[in-house]
Amino acid sequence: MSRMFVPGPVDVDDEVLQAQARPMVPHRSKEFEAIFRQAAEKAKQIFLTRNRVLIATSSGTGLQEAAIRNFVQRDVLACVNGAFAERWFDVAVSNGKQADKLEAAWDAPITPDLVTAALKKKSYEAITIVHNETSTGLQNPVGEVAEAVRAVSPDTLILVDAVSSLSGAKIETDAWGLDMVLTSSQKCLALPPGLALCAVSDRAMDKAKSVEARGWYFDLLRMDKHRQKDSTPATPAMSLIYALDAQLDRILAEGVEARFARHSAMAERVQGWAEARDLGIYAPAGYRSQTVTTVRNERGWDIPALNGFLKQKDMRLANGYGALKNVTFRIAHMGEIQMSDVEELLAALEEFMTQ
């Protein structure tokens, strides 16, 4: 079996792939509504929330847009220290919002002090932040940032992109007071691409009632109204819902805390290996991702050639993203990847180094 050490799409277990082959039923039927309801209820345990979980047929970027259209009438502060945080800022601008950018270097975190200073200068309806930057392998201290937001501007909604970390790293939606946490199916959840999920607070939903031009497809009030009837406004990707329901059973059987610990252990192994071989880690110590490690290509490896070598062993990793292409490479350790898989990859990298 091929193993993809890339940050999505990731490998999907055969049992989960087979779950997609269940026969179709009417999407307004009691049979499907029961599956949809139990999947959403199970997902709450992954988000660590008692709030609603909404399931959308889209990528995570779709829910970035939903967050902007539903919770921001005008002013939003976008925290940007990576490619996907930059995308969220672009989404806000393209939707006609007054978006201000709070920037940090791509190899530096968004800190509570930075956010505090920005919120003291201007009032914002919402702040957007990426928990785990897939491009840089950097994990922002979202819990501490959220605490700072509440201290300075308690009415500001806290919107979090957890696309590449949810179920691989602990994100305490309720305990941290987060208003929206969104994710995608094809990363730590280890599902095929095509679904996005989000946990949304009551106060965020109340804010949406006063926001104009929320659109139709991503109107979260409309989605929540249908959710209460175990349904969706438009036809969902039913096969992916079947897979989600099956995979959540597998995740909960592993145990969410055990899953976090597995991801953390793999991250420590990969990062320790890289540092021991004078391959620097792009993200600074203390802010490194548990799900994807971005390695500085200090040895000047030809990354396509490296992947060509790895593909002969049914493995592959990811080149750097955007401006970091070739100057970094990324090793994802998320989803179904186990420590034994990591050890095989590192052994293959050692072999490549001695060619």
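Annotations for the structure displayed:
- Loop-located GluC sites (Glu not before Pro) in region 210-319 (DSSP state not H, G, I, E or B) with no more than 13 neighbouring Cβ atoms inside 10 Å: Glu212, Glu298.
- For the set Lys97/Lys225; Lys30/Lys225; Lys42/Lys120, the pairs lying more than 28 angstrom apart at their alpha carbons are Lys42/Lys120.
- Of the trypsin sites (Lys or Arg not before Pro) in region 18-125, the ones in a loop by DSSP (not H, G, I, E or B) with at most 12 other beta carbons within 10 Å are Arg28, Arg50, Arg74, Lys122.
- Distance in nm between pseudo-label sites at Thr116 and Leu346 (7 Å out along the Cβ direction from Cα): 3.8 nm
- Summing Lys and Arg as +1 and Asp and Glu as -1 over all other residues whose Cβ lies under 15 Å from the Cβ of Trp106 gives a net charge of +2.
- Positive dipole terminus of region 15-253, leading residue within Phe32, Gly177, Ala92 (C-beta point charges): Phe32
- Prolate/oblate/rounded call for the chain, Cα gyration tensor, a/c under 1.5 rounded: oblate
- Lys101 paired with Asp314, simple spin-label distance in nm, labels 7 Å along Cα-to-beta-carbon: 4.4 nm
- Each residue in Phe47, Phe84, Phe89 was given a count of other beta-carbon atoms within 10 angstrom of its own, and listing them fewest first yields Phe84, Phe89, Phe47.
- R0 of 22 Å, Cβ-Cβ distance Ser123-Ser94: FRET efficiency to nearest 0.05: 0.45
- Each of Ser201, Thr235, Ile158 was scored by the projection of its Cα onto the charge dipole of region 15-253, and the greatest displacement toward the positive side belongs to Thr235; charges sit on the C-beta of Lys, Arg, Asp and Glu.
- Neighbour cut-off at most 13 other Cβ (10 Å), DSSP loop, chymotrypsin sites (Phe, Trp or Tyr not before Pro), region 192-248: Trp216
- FRET efficiency for Glu254 and Lys44, using Cβ-Cβ distance with R0 set to 22 Å, rounded to 0.05: 0.85
- Summing Lys and Arg as +1 and Asp and Glu as -1 over all other residues whose Cβ lies under 12 Å from the Cβ of Glu133 gives a net charge of 0.
- Positive contributions from Lys and Arg (+1) and negative ones from Asp and Glu (-1), summed over other residues with Cβ under 13 Å from the Cβ of Arg214, come out at +2.
- Projecting the Cα atoms of Gly8, Val130, Ala348 onto the dipole axis of the chain, where Lys and Arg carry +1 and Asp and Glu carry -1 at the beta carbon, places Val130 farthest toward the positive end.
- Cβ charges +1 (Lys, Arg) and -1 (Asp, Glu), total dipole of region 15-253, debye: 660 debye
- Between region 107-160 and region 225-284, the Cα center-to-center distance that results, in Å: 23 Å
- Net lengthening on full extension, Arg74/His226 (0.36 nm per residue, minus Cα-Cα): 52.0 nm
- Site pair Glu212 and Glu268 shows an inter-label distance of 5.4 nm when each label is modelled 7 Å from Cα along Cα→Cβ.
- Here the chain carries DSSP beta bridges of which approximately 50% are antiparallel, counting only pairs with both residues inside.
- Cα gyration tensor, region 3-45 - rounded (a/c under 1.5), prolate or oblate: oblate
- Computed [θ] at 222 nm, helices only, for the chain once each DSSP H run of length n ≥ 4 contributes -39500 (n - 2.57): -13000 deg cm²/dmol
Laboratory data are not the source of any read-out in this text; all were calculated from the coordinates shown. Computed from a predicted structure; not experimentally measured. All Cβ positions, even for glycine, are placed from backbone atoms using ideal geometry, and neighbour counts span all protein chains on display.
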